[in-house]
1. Considering each residue of the stretch 283-335, count those that are among the hydroxyl-bearing types (Ser, Thr, Tyr) and in a strand (DSSP E or B), and give that number.
2. Out of all the residues in the stretch 33-44, is one or more touching a helix residue (DSSP H, G or I) at 6+ places or on another chain (Cβ under 8 Å) and surrounded by fewer than 20 Cβ atoms within 10 Å (Cβ to Cβ)?
3. Kindly evaluate Glu253 against the criterion of being modelled with pLDDT of 90 or more and not hydrophobic (A, V, I, L, M, F, W, C).
4. Please go through the stretch 355-393 and pick out each residue that is surrounded by fewer than 17 Cβ atoms within 10 Å (Cβ to Cβ) and either of a type in the set (Gly, Ala, Ser) or on the phi > 0 side of the Ramachandran plot (or both).
5. Collect the residues in the stretch 253-267 that are closer than 20 Å to Ile388 by Cβ and either loosely packed, with under 11 Cβ neighbours inside 10 Å or of a type in the set (A, V, I, L, M) (or both), keeping them in residue-number order.
6. Could you check the stretch 96-116 and list, in sequence order, the residues that are in contact with a helix residue (DSSP H, G or I) (Cβ under 7 Å, 6 or more places away or on another chain) and basic (Lys, Arg)?
7. Just to be sure I understand, how many residues within the stretch 67-91 are crowded, with 21+ Cβ neighbours inside 10 Å and either of a type in the set (Gly, Ala, Ser) or in contact with an Asp or Glu (Cβ under 7 Å, 6 or more places away or on another chain) (or both)?
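The values are calculated or read from the model by the stated rules, or taken from the named source; none is laboratory data. The model shown is predicted, which means the values in this text are computed figures rather than measured ones. Quick reminder, even Gly has a Cβ in these numbers, built from the backbone with ideal geometry, and neighbours come from all protein chains shown.
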Amino acid sequence: MSGANLNKTILPYKTKLALFTALGYEPHEGQLAAHQAQARLLGIFGAERGGKSRFGAMEGTCAALAGGSVAVAGQDYDATRPEMEYILDDLQRAHLLGSSSTPKTGKWLLEAATPPGRIESVSLKDGAVELTATGRAYDLVIISEAGRVADDTLTAAWGRVSETRGRVLLIGTLWDNWGWYADLYRMLKGPNAYNGEGYSFPAWYNRAIYPEGRDDPQIRLLEATLTPDEFARRVAAKLIPSPAQIYPEFDQEVHVREIELDPVTPVDLTVDAGYYPSHYAVLAIQEALNEHGMEVLNVIDEIWVNHQTHQEIIQEAKSRPWWGQVEHIYGGHETRQHPAAKSTKETWEELALSAKGGRIPFTVVDAGKILDGVPRVKTFLKDPLTGIPRIFYNVTCTGLAEESRKYKRRTNRVGDVVSDQPEDKNNDALDALRNYIVGRFGYADPLARPWRPRARRFRGSVG
């Protein structure tokens, strides 16, 4: 960050260190690294008792003692209380607390005496609009338990610090691998538009509670008594599969790769027609054999758009390099419906002629209820016998990859699962994929009658 854009409250580490010493604060190794960061966006992903609230509060204290305006926001006022109590204690210890308002319930307001700094708590109970409604330009916005707030909170916070070139600090536990906070964690692991940085605080960093670190007897006891997922989430500060996620088997690093069109292998299309807010999804798929002699699906391309008609989608498909190899088209049961116009199936059969001018077969698949077909898709994401994937997405298939991450069961506003049924969104390309897999290979239940597979030509083996 250049000096011209450096907010006055983003203090050099040496200045912070003097404050730490005066206040008797001894940061652990994770806090130490994060305190030295100069990035305007910081994500602190901490375990329970990992010191994340203490870190955020100390950044708030530093900003206030530099004359800054600080907001500590959370899902409600209670969520902001840990940071606000730490800041109050710091200001009192430094004998620099000016006026204060600290009711048992509701908003807290603290003021630093010299130079004048201001710290207020903000409840997001009614949404991120509560942050923008303050009308203030802040030098620092701290989002407490960020994993529990709505996904527009970051946008609101970033807007509140844009005028001052200030900083946004997001603090919270990684509840699971679903949702915007998990996406933020992944984003901050590498280069990103915010030039932000992310830091993880496992519980054993806090030597005040666990003197022997990772080998502390209490950490070992937690490891032995908690489930692996609970230990990973609550103690190790790791990202784990969400109980809400329909396809936790999907792994961006495993399933997404660069895939070239094989010039001799037939291409199948699978279609899920939508307009808005749904997507019109078309997946182009080629099959191959892996080292176990099992069929592998390569999703080589996708069309995933809003506001387009059958005719526009078919024209787009014809412009793709794989069109001349299309031998079969699949669609769900809804593709045969035509209450006031030609059905999806009829339109594709009429307009989607092969390169030789003949009609391309269109198979309507009745894949049953959604949860009937989900297990079959899972067997391709991770084969139950070998543990290896049998489906891969080309890097161009961003819609399918996004849906594979976001498709989830119904949850309440804080992310707790309330139904085994999936939400009817983030599933257009996935519906097309589910119909295709059930249509080609049958259900995962061995008692279900599979479709009879037709003869195929394969490129050979897939590593």
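1. Residues meeting the conditions: 1.
2. yes
3. Taking the combined requirement at face value, the residue does not satisfy it.
4. Ala355, Gly357, Gly358, Gly368, Gly387
5. Those that are closer than 20 Å to Ile388 by Cβ and either loosely packed, with under 11 Cβ neighbours inside 10 Å or of a type in the set (A, V, I, L, M) (or both): Glu253, Val254, Val256, Glu258, Ile259.
6. Lys107
7. Restricting attention to the stretch 67-91, the residues satisfying the condition of being crowded, with 21+ Cβ neighbours inside 10 Å are 68-75, 79-80, 83-84, 87, 90-91.
Filter once more, keeping what is either of a type in the set (Gly, Ala, Ser) or in contact with an Asp or Glu (Cβ under 7 Å, 6 or more places away or on another chain) (or both): 68-75, 79.
Of the residues in the stretch 67-91, 9 are crowded, with 21+ Cβ neighbours inside 10 Å and either of a type in the set (Gly, Ala, Ser) or in contact with an Asp or Glu (Cβ under 7 Å, 6 or more places away or on another chain) (or both).
Results for (1) in a strand (DSSP E or B); (2) under 23 Å from Ala273 (Cα atoms); (3) in the same structural domain as Thr173 (by TED's automatic domain parsing), shown as yes or no for each residue.
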site: Phe380; (1), (2), (3): no, no, no
site: Leu385; (1), (2), (3): no, no, no
site: Ile388; (1), (2), (3): no, no, no
site: Phe392; (1), (2), (3): yes, yes, no
site: Gly399; (1), (2), (3): no, yes, no
site: Glu402; (1), (2), (3): no, yes, no
site: Asp420; (1), (2), (3): yes, no, no
site: Lys425; (1), (2), (3): no, yes, no
